[in-house]
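*Asks:* Sharing a structure, written as structure tokens. Questions coming.
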Amino acid sequence: MENEQNKQVNIRKIVIPAVLGILLLFVGYKVWNYLRHEETDNAQVEMRLVPILSRVSGYVDKILVEDYATVKKGQLLMVIDTTELHLQLAEMEADYNQAIADLANAQASLTNAEAALSSTRGQADVTSLRKEKATNDFTRDKELFESNAITKKQFDDSKSNYDITIKQLETSFRDVKVAETRLGILKSQVSKAQAQVDVKKARLDQQKLKISYCYIYAPSDGTIGKRNVDQGQFIQPGAPVFTQVNGQELWVVANFKESQIKNIRDGKEVDIVVDGFPQYTIKGKVTSISGATGAKFSLLPPDNATGNFIKVTQRIPVRIEILELEKYRSILRAGMSVDVTLLAD
């Protein structure tokens, strides 16, 4: 009996110090690890969230994807009813064709006016030659009449022909000026008709562009979130219809306490453990540190200079690149909570 009691005492003497030693080692390791590392559980996975907006108003005709569907860049997601827009396009095409016809008519009138001006100038040139001849005849006949070489009737005929030719030449010059004025008017009408064609062509192109906006495509590869519209619903320009998660880019934002930032710098390697997959330790690297605390980016940032002031430890966002991203892409989702640990300097 006494031997058994001695055995128990001996076991206690061995076990208790061993347990205490292990406990001290564990606590010492934790303290040592705490002093050597900076860690936070205020971190999450981030992705690019791209809002897909409607650029035109109208009724939703077709929705070609469901919630959380995986899509490729350029994939058709939704169609807005284009019936009314196509009717407007047909009307605009008719107006455009009419404008082209008006331009052709104005150009034809201008061509005729140019030909008429050329003919009028030719007639003025001919009349000018006649006037030169009539002037010479009148001067010669005047000398002959003064020397009694011709009769008064011959002199009167020569003078009358000279006067008529002068009047004809004046009329020809006026006709040339009228033709030139008409030509200028027709040129302005051609320019106006051309401008109308350009305006209607621009409106036509704008309408075609508007119709193209009725077909909404995925801007990049990714995953569709919960859709915000249903078939038959009327939407306005700028209304968000989908939110796409761009899975090509994934990173972690860790919000470290301001007292921890002194041990963090760009390029530091970190260990990332996702709450949903604790069996994996993902390697990462610090790529940038925010220039302001998270509170400063809030809608109503706190102002410590007014009212009652209570000092609160602030947190500073740190962006972390995920190394070997392709290996873990399938398990990561935007918003997942993670623990981040890095070795302090």
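The values are calculated or read from the model by the stated rules, or taken from the named source; none is laboratory data. Note that the structure is predicted; figures quoted are calculated from it, not measured. Using ideal geometry, Cβ is built from the backbone for each residue, glycine included, and neighbour counts are taken over all protein chains shown.
*Asks:* In the list Gln231, Gln244, which residue meets the criterion of being touching a Pro at 6+ places or on another chain (Cβ under 8 Å) and within 26 Å of Ile52 (Cα to Cα)?
*Replies:* Only one candidate qualifies: Gln244.
*Asks:* Would it be correct to say that Gly122 is out of contact with any helix residue (DSSP H, G or I) (no Cβ under 6 Å at 6 or more places or on another chain) and at positive phi?
*Replies:* So Gly122 fails the test.
*Asks:* Among (1) in a loop (DSSP other than H, G, I, E, B); (2) in the same structural domain as Ser128 (by TED's automatic domain parsing); (3) β-branched (Val, Ile, Thr), which single condition is Val176 missing?
*Replies:* Result: Val176 fails condition (1) only.
*Asks:* Okay, moving on. What residue, among those in region 330-342 that are of a type outside the set (A, V, I, L, M, F, W, C) and within 30 Å of the chain's Cα centre (by Cα), is surrounded by the fewest Cβ atoms within 10 Å (Cβ to Cβ)?
*Replies:* Gly335
*Asks:* Go through (1) surrounded by 14 or more Cβ atoms within 10 Å (Cβ to Cβ); (2) farther than 30 Å from Pro51 by Cβ and name the single condition Ser191 misses.
*Replies:* Tallying (1) surrounded by 14 or more Cβ atoms within 10 Å (Cβ to Cβ); (2) farther than 30 Å from Pro51 by Cβ, Ser191 fails exactly one: (1).
*Asks:* Of all the residues that make up region 90-128, how many are touching a residue at least 24 places away in the same chain (Cβ under 8 Å) and under 37 Å from the mean Cα position of the chain (by Cα)?
*Replies:* Residues in region 90-128 being touching a residue at least 24 places away in the same chain (Cβ under 8 Å) and under 37 Å from the mean Cα position of the chain (by Cα): 8 in total.
*Asks:* Condition first: under 13 Å from Thr40 (Cβ atoms) and buried (at least 17 other Cβ atoms within 10 Å of the Cβ). Now tell me which residues in region 245-260 satisfy that.
*Replies:* The answer is Val252, Val253, Ala254, Asn255, Phe256, Gln260.
To keep it simple, each residue is scored yes or no on (1) at pLDDT below 85; (2) under 26 Å from the mean Cα position of the chain (by Cα).
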| position | (1), (2) |
| --- | --- |
| Gly225 | yes, yes |
| Val229 | no, yes |
| Ile235 | no, yes |
| Val241 | no, yes |
| Lys257 | no, no |
| Ile264 | no, no |
| Lys268 | no, no |
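*Asks:* Separate question: What about Gln196, is it outside any strand (DSSP E or B) and loosely packed, with under 13 Cβ neighbours inside 10 Å?
*Replies:* No.
*Asks:* Out of region 35-75, which residues are surrounded by 13 or more Cβ atoms within 10 Å (Cβ to Cβ) and of a type in the set (Lys, Arg)?
*Replies:* Of everything in region 35-75, those that are surrounded by 13 or more Cβ atoms within 10 Å (Cβ to Cβ) and of a type in the set (Lys, Arg) turn out to be Arg48, Arg55.
*Asks:* In this structure, is Leu103 surrounded by 14 or more Cβ atoms within 10 Å (Cβ to Cβ), part of a helix (DSSP H, G or I), modelled with pLDDT of 80 or more and in the same structural domain as Lys201 (by TED's automatic domain parsing)?
*Replies:* It is true that Leu103 is surrounded by 14 or more Cβ atoms within 10 Å (Cβ to Cβ), part of a helix (DSSP H, G or I), modelled with pLDDT of 80 or more and in the same structural domain as Lys201 (by TED's automatic domain parsing).
*Asks:* Looking at this structure, is Lys159 surrounded by 12 or more Cβ atoms within 10 Å (Cβ to Cβ), in contact with a helix residue (DSSP H, G or I) (Cβ under 8 Å, 6 or more places away or on another chain), at negative phi and at pLDDT 80 or above?
*Replies:* no
*Asks:* Could you tell me which residue of region 162-192 is nearest to Gln123 (Cα to Cα), considering only residues that are at pLDDT 80 or above and small (Gly, Ala, Ser)?
*Replies:* Gly184
*Asks:* Pairs needed: first member in region 265-276, within 20 Å of Gly291 (Cβ to Cβ); second member anywhere, assigned to a loop (DSSP other than H, G, I, E, B) and of a type in the set (D, E, K, R); C-beta distance under 9 Å; at least 6 residues apart or different chains.
*Replies:* Arg265/Asp345; Lys268/Asp345
*Asks:* With (1) out of contact with any Leu (no Cβ under 9 Å at 6 or more places or on another chain); (2) outside the structural domain of Val274 (by TED's automatic domain parsing); (3) not small (Gly, Ala, Ser) as the list, and Tyr68 as the residue in question, which single condition is left unmet?
*Replies:* Tallying (1) out of contact with any Leu (no Cβ under 9 Å at 6 or more places or on another chain); (2) outside the structural domain of Val274 (by TED's automatic domain parsing); (3) not small (Gly, Ala, Ser), Tyr68 fails exactly one: (2).
*Asks:* Given the conditions (1) assigned by TED's automatic domain parsing to the domain that holds Ile272; (2) modelled with pLDDT of 90 or more, report the number of the one that Tyr217 does not fulfil.
*Replies:* Here Tyr217 clears every test but (1).
*Asks:* Separate question: If you scan region 243-261, which residues turn out to be farther than 28 Å from Ser220 by Cα, touching a residue at least 60 places away in the same chain (Cβ under 8 Å) and either in a helix (DSSP H, G or I) or among the charged types (D, E, K, R) (or both)?
*Replies:* Lys257 - this is the single residue of region 243-261 that is farther than 28 Å from Ser220 by Cα, touching a residue at least 60 places away in the same chain (Cβ under 8 Å) and either in a helix (DSSP H, G or I) or among the charged types (D, E, K, R) (or both).
*Asks:* Test Lys285 against the criterion of being part of a strand (DSSP E or B), modelled with pLDDT of 85 or more and surrounded by 10 or more Cβ atoms within 10 Å (Cβ to Cβ), and give yes or no.
*Replies:* yes
*Asks:* For region 199-237, how many residues are over 15 Å from Lys62 (Cα atoms), assigned to a strand (DSSP E or B) and not polar (S, T, N, Q)?
*Replies:* Of the residues in that region, 2 qualify.
*Asks:* What residue, among those in region 312-329 that are touching a Ser or Thr at 6+ places or on another chain (Cβ under 8 Å) and over 13 Å from Ile282 (Cβ atoms), is surrounded by the most Cβ atoms within 10 Å (Cβ to Cβ)?
*Replies:* Filtering first and then ranking leaves Val318.
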